[in-house]
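Nothing in this text is a laboratory measurement; each read-out follows from the coordinates by a stated rule. Everything numeric here is computed off the predicted structure, so don't read it as measured data. Don't worry about glycine lacking a Cβ; one is built from the backbone with ideal geometry, like all the others, and counts go over all protein chains shown.
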Amino acid sequence: MFNSIRVRLTLWYLLAFGALLAGFSAYVYSALSQDLNRQFDVSLLRTAHSMANYFAEFVERKNVAAGARETVLELQLERLGTAIFREDELLAASAPDTVAAVASTSILVSSRTSREPVFATDSRSGKRLVAVTAPLDGVNYEVVVLEPLAELRGQLARMGRIIFVGLPAALILAVGGGFLLARKSLQPVVTISEQAARISARNLDERLKIANPKDELGKLAGVINSLLSRLETSFRIMREFMADASHELRTPLAIIHGESEVSLSRDGTAYDYRGSLAVIHKQSNRMARIVSDMLALARADAGKQQLIVEELYLNDLVEECCRAAQALAVPKGVQLTYESSEDVSFRGNEELLKRMAVNLLDNAINYTPSGGRVSVKLASEPARVRLIVADTGIGIPPECVDRVFDRFYRVDGSRTRADGGSGLGLSIVKLAAESHQGSVDVISQVGHGSTFTVSLPLDQAA
Ligand code: ADP
């Protein structure tokens with residue numbers, strides 16, 4: 001139950017609203033009760049003063065005892081009790097319980113000492129008293145008025161009851177309203193989570209419906225939608241990569257399978273078996289190259305590739321690759337030349353840089369017909385070094401230039417080179433260049449040749 005935000009919100013609301021309401025009610029109750037008590041005392045005092053004035057006229061006429069009785073009788077008001085004392089001597093009282101209340105509260109003693117009107121409450125009879133000293137004709141008279149507190153207490157109790165019943169009722173209404181409000185405002189979240197729950201790898205193209213893209217939930221849905229788009233793209237790339245990879249591996253596997261099956265099905269000479277093994281060896285080499293390229297790319301994708309960087313001479317590395325590539329160029333009748341002016345010291349990963357150079361050279365030789373030329377140049381500038389591999393080969397159609405660095409991309413099947421390229425060569429070139437904070441570009445013209453330029457910054461370690 002507490003796992004629901006709706007319930008938690010409502011409970012917090014109940015707690016906050018309840019505390020606020022209880023505090024407010026307590027404040028109103030105490031302010032009103034103080035006010036009523038003050039009004040009660042003021043009215044009691046006013047009566048005592050009028051009584052003292054009335055009595056004063058009798059004292060002036062030296063008619064004290066009869067005047068006191070008449071004053072008490074005259075002012076005998078409903079509910080009120082009155083009494084007049086001369087010092088401690090009772091002159092007149094409206095009822096015996098008035099005298100009893102005066103005695104039990106000792107109000108006369110306090111009044112005489114303070115000379116100010118004195119209030120007291122007789123808790124036994126539940127009455128409030130006021131005593132006023134009236135100095136008349138050289139004698140101190142005490143005029144006492146008392147009134148039962150029952151009505152005032154009844155009023156306060158009624159008010160208390162209203163608060164006691166009204167407070168929970170208001171709280172129940174508030175909680176109900178709060179719950180409905182929480183449900184209504186959280187409904188879009190429920191809708192979003194239901195929609196999101198329906199989306200899986202199979203229907204990643206679906207998107208959450210956004211009622212208002214500008215409010216908070218609309219923005220949240222927007223963020224989830226863009227996350228879904230990125231996921232969809234990654235899934236698509238992964239699926240294509242898997243499909244391409246299996247497709248690439250299928251050809252050499254089929255050749256190995258066919259070759260071995262033929263060899264096993266008949267008795268052959270040692271020469272035949274060597275021939276079959278040579279085919280199998282070549283195809284397994286091709287598979288190993290594809291798998292190693294895929295691994296390098298996958299590692300780079302996962303960000304796991306921790307390059308071992310070392311100080312090397314790039315001119316030596318490229319020269320070595322060119323020497324090795326002569327083995328491919330010479331039988332094909334392609335003229336391979338290398339030009340480098342000076343030593344180029346570079347910090348990078350030797351293996352990756354070699355694969356980059358070898359792939360560029362292999363491509364240049366493979367896609368250049370016999371009689372063509374491949375020239376390799378290493379140009380060192382203050383901040384960077386450029387490796388330029390130019391050939392006079394078949395070139396790349398303009399519409400394909402942007403895609404040749406994509407994984408498994410080949411311009412077209414009919415141009416596939418003799419050793420069956422996998423379409424990963426230039427992806428590795430791009431990966432190597434970017435791993436060294438560099439870049440690779442190509443300029444090509446069909447029938448005239450292509451120039452690949454790798455640009456590597458000199459002052460940055462990989
Ligand atoms: P592959 O292993 O098929 O050579 P790459 O990734 O190395 O794969 O190259 C992708 C495609 O780009 C190749 O299929 C080829 O058509 C084209 N290509 C690459 N280098 C050259 C080049 N020097 N001249 C012409 N086309 C090239």
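List of remarks:
- Neighbourhood charge, 14 Å Cβ-Cβ cut-off, centred on Pro213 and excluding it, Lys, Arg +1 and Asp, Glu -1: +2
- Dipole in debye (nearest 20) - the chain, about Cα centre, beta carbon charges: Lys, Arg +1; Asp, Glu -1: 1180 debye
- Net charge of Cβ neighbours under 11 Å - reference Glu87; Lys, Arg +1; Asp, Glu -1: -1
- In this structure, the residue pairs whose Cα-Cα separation is over 29 Å, taken from Lys282/Lys377; Lys214/Lys430; Lys332/Lys354, are Lys282/Lys377; Lys214/Lys430.
- Efficiency of FRET between Ser33 and Tyr54 - r from beta-carbon atoms, R0 22 angstrom, step 0.05: 0.10
- Theoretical ellipticity at 222 nm over the chain - DSSP helices of four or more residues, -39500 (n - 2.57) apiece, nearest 500: -20500 deg cm²/dmol
- Calculated FRET value between Arg373 and Lys282, using beta carbons and R₀ = 30 Å, to 0.05: 0.60
- Inter-part distance where segment 126-190 and segment 303-325 are each reduced to a Cα centre, Å: 92 Å
- Summing Cβ point charges (Lys, Arg +1; Asp, Glu -1) relative to the Cα centre of segment 5-154 gives a dipole of roughly 820 debye.
- Qualifying aspartates and glutamates (Cα of each under 18 Å from Cα of Lys219; at least 8 residues distant if same chain): Glu194, Glu206
- Gained length - Arg239 relative to Cys400, 0.36 nm times residue gap less alpha-carbon distance: 55.8 nm
- Nearby lysines by direct alpha-carbon distance to Lys184 (threshold 16 angstrom, same-chain neighbours under 8 apart not counted): none
- Principal-axis analysis of the Cα atoms of the chain puts helix 64-74 at an angle of about 50° to the longest axis.
- Estimated inter-spin distance, Ala95 and Thr251, nm [label 7 Å along Cα→Cβ]: 12.1 nm
- Shown in residue order for segment 156-166 are the 3J(HN,Hα) couplings computed by the Karplus curve 6.51 cos²θ - 1.76 cosθ + 1.60 at θ = phi - 60°: 5, 5, 4, 5, x, 5, 4, 5, 4, 7, x Hz (x for Gly and Pro).
- Residue (of Gly395, Leu426, Gly268) at the positive-pole extreme of the chain, dipole from beta-carbon charges: Gly268
- Summing charges over neighbours of Phe408, with a neighbour being any other residue whose Cβ is under 9 Å away from its Cβ, gives -2 when K and R count +1 and D and E count -1.
- Residue-normalised convex hull volume from the C-alpha trace of the chain: 326 Å³ per residue.
- Hull shadow area, averaged, segment 5-154 [alpha-carbon convex hull, nm²]: 10.9 nm²
- Packing order of peptides 173-179, 163-169, highest average first: 173-179, 163-169 (average count of other Cβ atoms within 10 Å over each peptide's residues).
- For segment 24-70 and segment 205-258, distance of Cα centres in Å: 91 Å
- For Tyr409, no residue has an amide H sitting under 5 Å from its own, ignoring neighbours fewer than 5 places away on the same chain, with H placed 1.01 Å from N.
- For segment 293-372, the set of trypsin sites (Lys or Arg not before Pro) satisfying both a DSSP loop assignment and a count of at most 16 other C-beta atoms within 10 Å is given as Lys304.
- Kirkwood hydrodynamic radius of segment 310-457, from inverse mean 1/r over distinct Cα pairs, in Å: 15.3 Å
- Debye intensity ratio in log₁₀ form over the Cα atoms of segment 216-301, taken at each q of 0.19, 0.23 Å⁻¹: -0.89, -1.05
- Packing-based ranking of 44-51, 217-224 yields 44-51, 217-224, ordered from highest to lowest mean Cβ neighbour count within 10 Å.
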